[in-house]
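Enquirer: This is the structure I have questions about; it appears just below.
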Amino acid sequence: MFAAWGHFVYRRRWLVLAVSTVFLAASLVVLAEGATLTPGGPVKASESGRAFTLLQDELPRAGGSSMTLVFASDGLAATDPAFRDAVATAVADLRADPRIESVRTPYDTTPPLAAFISNDGRKALAIATTKDDLATAVRYYPELRAMVRPTALAVTATGFLAINHDFNEHLAADLLRAEIVSLPLALLLLLAVFGTVVAALLPLGVGGLAVMGGLAGMYVLARITDVSVYAENIVTLIGLGVAIDYSLFVVNRFREELARFADGRVPGSGAPAVEIALARALATAGRAITFSGLTVVIGLSGMLFFEGTYLSSMGFSGAIVVASAVLYGLTFLPALLAIVGGRVEWLRLPFGRVRTGPGMWHALATWVMRRPILVLLPILAGILVTASPFLQLRMATTDVTALPRSAESRRGYDTLVAEFPGRDRTSLTVVARYADGDPLAPDRIAGLVDLSRRIAALPDVLRVESIVDLDPTLGAAAYQAMYGAPRAALPPPVQLALKQTVGEHVVVLDALTTQAASSDAAQDLVRAIRGLPRPAGAAELMVTGQTAFDIDVVAFIIERAQPAIGWIVLATYLVLFLLLGSVLLPLKAVIMNLLSISTSFGALVWIFQQGNLSELLSFTAAPIDPTLPVMMFCVVFGLSMDYEVLLLSRMQEEYARTHDNRRAVAEGLERSGRLITGAAAIMAGVFASFALADVVIIKAIGLGTAIAVLIDATIVRALVVPATMRLLGDLNWWAPGPLARLYERLGLGEASRTRGRNGALSSEASRTRGGALSSETP
């Protein structure tokens, strides 16, 4: 099938190139139109997610669309009239903007609000709240920020709007930086692998096209469903890596096959050497990258099990870019090769010629297979040691500390926490939902007062802020009388409190604690509040906020992880059987993948949670975002399987030709070892460029995948694979008789077919004897 496609592409090369160009043009049109990407949020089906959605629907404050301005002076006190006038001047345009709901300053009351003035008395806050929700308001945040007039005071912006804007800006800068670093680095490595400029430029060009196709597909997806703001970076990271790798293998195999025919013709057939070389390249490398792409997509599809989080959009987006890489690798690239032909060797550098005969990799495989146990034991012990930090994993959702300290919103946040009273406290948002009726009915007021007192009595609770906690001297009867009066007759501060915390069906109470939001103590407090009885008349009592998000998303991920991992393993096993016709090699491949994943997970905790290398890499150590291990597993599993597929498919070719397991392993590693190492270096270079990112989650994915790829392509593929294949011997290629016959009938063993005398692939398929896969060479 793949060989026939190669012949077709050669004979219709200009048509195939034209069709590919049409796809490229369509991608450019979609990219020009753009799309709106969204920040992550709580798991929508969880308690915290449902409460968050309810508050967004009923309360303007719940949208989180606010900007906090920190004003500071070296010479003036915040209570000085000149300081007050400067603040009023600075926010005057914001107050007048129709998109702004309110602007609060310390000077709205007399005396000034103490909570809005810093401990040293030289800084003050102003909080501007928009009428629109966060997703809408963040688009025009730069306009709002520019309205803050320059005065003698220094001003720093933070809050939800500023933080989300800075995440978007830094993610865009991270992507540009990674592209600037990775593309020249990939070109240098491709030159080192191929030794010719033309051959090196082809994979790089296909990588760019695949990324554009993947981003276009992601933008289309964003018009159907929410797509994470992280998706652009992840699509580019995966797309560049796999597209360059796949193209590298096709181009290398084309050069290798073309080198067989010095005069440009195939003896005995009269067919052009370029056509035969292209057919062989697609029948071998093309087939391998197709199955490799399937395994990568299967790995990424594991994220679809986490519907309700942004992981599912990441899985879809990653699958689209991998499909784009395979598509261009089987159409655009071979069409170019058919046109370029022997000119693929033009502009040769003084290294990188196609090598034949036994070499370093053959010697290494032979050395390993003489002492497999001696090689395996220390490697497995080392992997266990490097993976051990993962046992200390702590998880919490990403917050502003994932931004660099230089970001304005991060600087403002650090100032708030360090210098303003109560800003270092964690707020747990408690939501009482009433199915019908007035939430402020007298009997419900009594139930809310009782709930507030129960929460206040819990360990680590400093105080409760709510409409029944405005004055500690008042009891239930006093509050019932107060809220029985018309709302317009209430004092303005009480009206503001009602507007911010009481909706048509909800009443909100905030429990404050000094415990860190990601701490065990704060999580225990959330669980304790959730265990309290509902107040009278309430249909539901819920807790939301960052700590509740952490609890719910971790529980959600643990619940969904088992079926996701099971799907990835079983589907990958099936695809590898269809590729190799073996029942043991797919199982071994899965186990090999888990080795490299374990090491990268250990490195993830050791570096980003425990803070090792934090100064060198410029980040703040923090618990791991719960979605990060999921993304890492799905991405690394697929990419690690990438090299396993390419290596085993080459070994399968040799085994079909010689029926000698040791020779097949040595020859397969010799033929692909240098290429896999070069491809891994390119992919690791692309991934490592994302480790230069400012946003910690992108930095972690880039560094973690780079480590996994390097471990996988060196220690695992060069040492562990030959050792295990030596121990299994001919069992590597065994399948029960019925499965072996099924494999033959499916006709997927194209790469195992032998060559006829004219150099073309023969039509004899591998045959089965006694249930073992074998082949006959004519």
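Enquirer: Would you kindly calculate the translational diffusion coefficient of segment 630-707, applying Stokes-Einstein with the Kirkwood radius from alpha carbon pairs, for 20 °C and a viscosity of 1.002 mPa s, and quote it in µm² s⁻¹ without decimals?
Expert: Estimated via Stokes-Einstein, D reaches 155 µm²/s.
Enquirer: Could the peptides 151-157, 221-227 be put in order, highest first, of the mean number of other beta-carbon atoms found within 10 Å of their residues?
Expert: Working: 151-157: 18.4, 221-227: 15.7.
My ranking of the peptides, most packed first, is 151-157, 221-227.
Enquirer: Excluding ligands and nucleic acids, what accessible area in Å² is computed for Glu232 using a 1.4 Å probe, to the nearest 10?
Expert: Roughly 50 Å² of Glu232 is accessible to a 1.4 Å probe.
Enquirer: Please compute the modelled spin-label separation between Asp108 and Arg527, points set 7 Å along Cα→Cβ, answer in nm with one decimal.
Expert: 3.8
Enquirer: Let me ask you something else. How much mean residue ellipticity at 222 nm does the chain get from its helices, if each DSSP H run of length 4 or more adds -39500 (n - 2.57) and you divide by all residues, to the nearest 500 deg cm²/dmol? Before the final figure, lay out the partial values.
Expert: Numbers: 29 runs with 450 residues, N = 778.
Calculated at 222 nm, the ellipticity per residue is -19000 deg cm²/dmol.
Enquirer: Can you list residues from other chains, or at least 5 along the same chain, whose modelled amide H is less than 5 Å from the amide H of Ala691?
Expert: Leu703
Enquirer: Quick one: dipole size for segment 204-322, taken about the Cα centre, charges +1 on Lys/Arg Cβ and -1 on Asp/Glu Cβ, in debye to the nearest 20.
Expert: Taking the Cα centre of segment 204-322 as origin, the dipole is about 320 debye.
Enquirer: Moving on to the next point. For Arg534, which sequence-distant residues (separation of 5 or more, or a different chain) have an amide H within less than 5 Å of its own amide H, given hydrogens modelled in the peptide plane?
Expert: Residues meeting the criterion, in which the H sits 1.01 Å from N, do not exist here.
Enquirer: Given 20 °C and 1.002 mPa s, how large is the Stokes-Einstein diffusion coefficient of segment 39-108 in µm²/s, with Rh as the Kirkwood radius over Cα pairs? Please report the intermediate quantities before stating the final value.
Expert: Working: Rh = 15.0 Å.
Here the translational diffusion coefficient equals 143 µm²/s.
Enquirer: For helix 2-11, report the angle its Cα long axis makes with the longest principal axis of the Cα atoms of the chain; keep it between 0 and 90° and round to the nearest 10°.
Expert: Computed tilt is about 90 degrees.
Enquirer: If you take the Cα Rg of the chain and divide it by 2.2 N^0.38 Å, with N the number of residues, what do you get?
Expert: Working: Rg = 31.3 Å, N = 778, 2.2 N^0.38 = 27.6 Å.
After normalising by residue count via 2.2 N^0.38 Å, the value is 1.13.
Enquirer: Another one. In whole Hz, with x marking every Gly and Pro, tabulate ³J(HN,Hα) for segment 408-423 from phi via Karplus 6.51 cos²θ - 1.76 cosθ + 1.60, θ = phi - 60°.
Expert: Listing the rounded values in order: 4, 5, 5, 5, x, 4, 4, 5, 4, 5, 7, 10, 10, x, x, 7 Hz.
Enquirer: Taking θ as phi - 60°, what are the ³J(HN,Hα) couplings along segment 302-315 by the Karplus curve (6.51, -1.76, 1.60), each to the nearest whole Hz, with x for Gly and Pro?
Expert: x, 6, 5, 6, 9, 4, x, 10, 6, 4, 5, 5, 5, x
Enquirer: Roughly how many debye, to the nearest 20, is the charge dipole of the chain about its Cα centre, given +1 on each Lys and Arg Cβ, -1 on each Asp and Glu Cβ, and no other charges?
Expert: On the way: 64 positive and 65 negative charges, 668 e Å.
Charge dipole, the chain, about its Cα centre: 3200 debye, nearest 20.
Enquirer: Counting alpha carbon pairs within less than 8 Å and at least 6 residues apart, what relative contact order, in whole percent, applies to the chain? All intermediate terms of the calculation are to be shown ahead of the outcome.
Expert: On the way: 1387 pairs, mean separation 145.3, N = 778.
That works out to 19 percent.
Enquirer: With a cut-off of 12 Å, note down the residues of segment 19-35 whose backbone N falls inside the zone around a label point 7 Å from the Cα of Arg223 toward its beta carbon.
Expert: From segment 19-35, the list is 27, 29-35.
Enquirer: Please give the length that would be gained between Ala152 and Lys131 if that part of the chain were fully extended, namely 0.36 nm times their separation in residues minus their C-alpha to C-alpha distance (nm, one decimal).
Expert: Additional length available on full extension: 4.6 nm.
Enquirer: Based on the Cβ-Cβ distance from Leu349 to Asn119, what FRET efficiency comes out when R0 is 51 Å, to the nearest 0.05? Mind dumping the intermediate values first?
Expert: On the way: r = 64 Å, r/R0 = 1.26.
Efficiency at R0 = 51 Å is approximately 0.20.
Enquirer: So, one more: Which order do Arg410, Arg433, Arg145, Arg394 take when ranked by solvent-accessible area (1.4 Å probe, heavy atoms of all protein chains), largest first? Present the calculation step by step, with values, prior to reporting the outcome.
Expert: Working: Arg410 5, Arg433 70, Arg145 50, Arg394 90 Å².
Descending accessible area places them as Arg394, Arg433, Arg145, Arg410.
Enquirer: Here is a further query. Enumerate the calculated ³J(HN,Hα) couplings along segment 246-260 in order (Karplus 6.51 cos²θ - 1.76 cosθ + 1.60, θ = phi - 60°), each rounded to whole Hz, writing x wherever the residue is Gly or Pro.
Expert: Result, ordered by residue: 4, 5, 4, 5, 5, 4, 5, 5, 4, 4, 4, 6, 5, 5, 6 Hz.
Enquirer: Let me ask another. Assuming a viscosity of 1.567 mPa s and a temperature of 4 °C, what translational diffusion coefficient in µm² per second does Stokes-Einstein assign to segment 90-237, Rh being the Kirkwood radius over Cα pairs? Walk me through the numbers before you get to the answer.
Expert: Values: Rh = 19.4 Å.
The estimated diffusion coefficient comes to 67 µm²/s.
Enquirer: Per q in 0.11 Å⁻¹, report the Debye log10 I(q)/I(0) for segment 1-158, using one uniform scatterer on each alpha carbon and no solvent.
Expert: Debye intensities relative to I(0), on a log10 scale: -0.63.
Enquirer: Same structure again: Provide the gained length on full extension for the span Ser618 to Trp567, in nm with one decimal, where the gain is 0.36 nm per separating residue minus the Cα-Cα distance. Display every interim value, and only then the final one.
Expert: Working: separation 51, 0.36 × 51 = 18.36 nm, distance 3.70 nm.
Full extension from Ser618 to Trp567 adds 14.7 nm.
Enquirer: While we're looking at this one, here's another question. Taking amide H atoms as placed 1.01 Å from N in the peptide plane, list the residues 5 or more away in sequence, or in a different chain, whose amide H sits under 5 Å from that of Thr38.
Expert: Here Val227, Ser228, Val229 satisfy the definition.
Enquirer: Label-point separation (nm) for Leu498 and Leu727, each offset 7 Å from Cα along Cα-to-Cβ?
Expert: 7.5
The values are calculated or read from the model by the stated rules, or taken from the named source; none is laboratory data. Note that the coordinates shown come from a computational prediction; the quantities given were computed from them, not determined experimentally. Don't worry about glycine lacking a Cβ; one is built from the backbone with ideal geometry, like all the others, and counts go over all protein chains shown. Only protein heavy atoms, including side chains, enter the accessible area calculation; ligands, DNA and RNA are left aside. Shrake-Rupley method; radii C 1.70, N 1.55, O 1.52, S 1.80 Å.
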